[in-house]
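Novice: This is the structure I have questions about; it appears just below.
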Amino acid sequence: MAFDLADKAAIAGVGYTEFSKNSGVSTLTLATRAIMAALQDAGLDPARLDGIATHRVGDSIPSSVVAQAMGIRDLHYFVDHFGGGGSSQAVVGQAAMAVAAGVADYVVCYRAINARSEFRMGGTGRPTVDSIETQYQAPYGYVAPPQQYAMVAQAYMQRYGVTERHLGAVAVTQRRHASLNPHALMRTPITYEEYLASRWVVEPFRLLDCCLETDAAVAVLVCSAERARDLKQPPVTIRAAAWGGGQTLFSNQQPPPGTSLAAQMAPRLFGMAGLKPADVDVAMIYDCFTPAVLIQLEDYGFCAKGEGGAFTLSGATALGGSMPVNTHGGFLSEGYVHGWNHIAEAAAQLRGQAGDRQVTGARIALSTGAPGYVGGVTSALLLEGGS
Amino acid sequence: MSDRPVPHPDRDSAPYWEGVSAGELRLQRCSGCGAYRWPARAICNRCHSFQAEWVAVSGLGTIISWVRTHQVFMRAFQDDVPYVTVEVQIDEQDDIRMIGRLAAPAPVIGMRVRALFEGDPPLTVWHPVG
């Protein structure tokens, strides 16, 4: 390899806004609040920032406007990527490349959305995504991510004998995790019976199979591993970043039902880090809907294809299990910041700052983006703490 | 009803929608490798040929997945819920999967179906066969 990205960059600071159903403020305000929180976390003077990066789907202020609001006078690196949750981890991976290449010193990456009060993904408050596929779907009333993922789920469940018992186990486990997280929107534990009693959204999805729609921002400061050591927090090293894709849910040449784009990407991710799935201590797995967790557990190699449901039902993914997943409660229970609160939770775990939900001795964490069904791309990070 | 999304053909897909209006399922067949393209576009993602001809296909396929929508995502469909949407793999090529309505109350994965084009504007309604 001509250029080795592994271990060159680190996450040096993490910042959140409050998570809510109605922030009452602009996405610009959310972005700058999260960025200031990340800089304060790292102990970095805002004047040192020289890079900014985000992704959007027409639902947030451009990064150039945020750069201006932050008073960055001489921007060395910027990204304003068009894309949804599949791009989330890629934005941080690209920032790692930028600092590793010496293009910029301190890149702040963020996502700021009023995903409940302004731009709901469900198609009720915004135009449908610009795509050549929309014309073949929207006339049938098939427009929203829960419908698209439900279609994937139905085929996956039939093919591998996955049942509502398995989907429910994801929801119940993650809610239990959220009950230990003061930042989570939904903290009251649920039973499997309560899961079953929640209303249908799109069969086979009940309400509790679906993530929360949330107003929030999360920001992450990326700099070289060397610079990160001079800042306030224990550095979280970016061991590997990977980008994947090439097929959408609808185009020909798509993977078989129930296999995501992560399956072909994961070996590249682990290869860059020189790690294997068994080395991961805690995983934040993109959980827009419950079966996305099961499919990715399989596609990232934590269990065999079709075994994600049984793996979850066994308790393996719960705190105290062999492979704790979404310890913050995930998008299902903490809040949905389009991939970014997964990065923040991974960092919290690796710094040993996860409070009552801390995974003892967590050293390696995986954080994944949307597995590609809607947007046609995916991305992921492998992070290491304690160095 | 009037605010329902209607098909918006693009510069690549107009012949598909003309087929729907004429009561035929038409697809591009690549002149380079013979593969069908879906969705409609100028280039073949297998052989990269820009040449293709539009041909009528059988309209037969198999349901590979389905969903039943209960939540109103678009107001135009509020009187339809709950409604079933199916994903159909066409007989001609196993990686081409289309969305449509089903002319039966109980979808089953593996159900054999045929495309008919109904309504104004015409849309694909899959009817059980056999």
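Please treat every number below as a calculation from the coordinates, not as lab data. Everything numeric in this text was worked out from a predicted model, so none of it was measured. Every residue, glycine as well, gets a Cβ built from its backbone with ideal geometry; the counts of neighbours run over all protein chains shown.
Novice: Taking the highest mean first, how do the peptides A:6-18, A:53-65 order by number of other beta carbon atoms within 10 angstrom per residue?
Specialist: Descending packing order for the listed peptides: A:6-18, A:53-65.
Novice: Could you run the Debye sum over the Cα atoms of the protein assembly as shown, one equal point scatterer each and no solvent, and tell me log10 of I(q)/I(0) at q = 0.08, 0.11, 0.12 Å⁻¹, two decimals?
Specialist: Values, matching the q order: -0.50, -0.93, -1.09.
Novice: Taking only the alpha-carbon atoms of the stretch B:10-57, what semi-axes of the equivalent ellipsoid follow from 5 times the gyration tensor eigenvalues under a square root, in whole Å, largest first?
Specialist: Three semi-axes, in Å: 19, 11, 7.
Novice: Would you please state the base-10 log of I(q)/I(0) at q = 0.26, 0.28 1/Å for the stretch B:58-130, with intensities from the Debye formula using one equal scatterer on every alpha carbon?
Specialist: At q = 0.26, 0.28 Å⁻¹ the computed log10 ratios are -1.21, -1.31.
Novice: Continuing with the same structure: For the stretch A:1-145, state the average projected area of the convex hull of the C-alpha atoms over all orientations, rounded to one decimal in nm².
Specialist: That works out to 10.4 nm².
Novice: For a label point 7 Å from the Cα of A:Asp356 along Cα→C-beta, name the residues of the stretch A:186-203 whose backbone N is under 20 Å from it.
Specialist: A:186-192
Novice: Provide a whole-number value for the mean count of partner chain Cβ atoms within 10 Å of the Cβ atoms in peptide B:57-69.
Specialist: Other-chain Cβ atoms within 10 Å of each residue's Cβ, averaged: 5.
Novice: Ok, one more. Given 10 °C and 1.306 mPa s, compute D for the stretch A:170-283 with the Stokes-Einstein relation, Rh being the Kirkwood radius over Cα pairs; round to the nearest whole µm²/s.
Specialist: Reported coefficient: 86 µm²/s.
Novice: From Cα pairs below 8 angstrom and at least 6 apart in sequence, can you work out the relative contact order of chain B, rounded to a whole percent?
Specialist: Rounded, it is 21 percent for chain B.
Novice: Can you give me the relative contact order of chain A as a percent, contacts being Cα pairs under 8 Å and 6 or more apart?
Specialist: 25 percent
Novice: Over what distance in Å are the Cα centres of the stretch A:329-353 and the stretch A:144-199 separated?
Specialist: If you average the Cα positions of each part, the centres end up 17 Å apart.
Novice: Within a 10 angstrom radius of each residue's Cβ in B:27-38, how many Cβ atoms of other chains show up on average? Whole number is fine.
Specialist: For this peptide, the per-residue mean of nearby foreign Cβ atoms is 1.
Novice: What is the stretch B:58-130's relative contact order, in percent, from Cα pairs under 8 angstrom and six or more apart in sequence?
Specialist: Normalised by residue count, the contact order of the stretch B:58-130 is 32 percent.
Novice: Students often check this: by mean Cβ neighbours within 10 Å, which of B:119-128, A:67-76 ranks highest, and how do the rest follow?
Specialist: The peptides rank, most packed first, as B:119-128, A:67-76.
Novice: Could you give the spread of the C-alpha atoms of the stretch A:255-387 along their three principal axes, from largest to smallest, in whole angstroms?
Specialist: 40, 32, 28
Novice: Right, another one. How large are Rg and Dmax for the stretch A:85-198 when calculated on the C-alpha trace, in angstrom?
Specialist: 19.1, 54
Novice: Restricting things to alpha carbons, find the Rg to Rh ratio for chain B using the Kirkwood radius for Rh.
Specialist: With Rg and the Kirkwood Rh in hand, the quotient comes to 0.99.
Novice: Another question, if that's okay. Considering only B:Val113, B:Val57, B:Ile90, whose Cα is most displaced toward the positive end of the charge dipole of chain B, charges sitting on Cβ of Lys, Arg (+1) and Asp, Glu (-1)?
Specialist: After comparing all options, I get B:Ile90.
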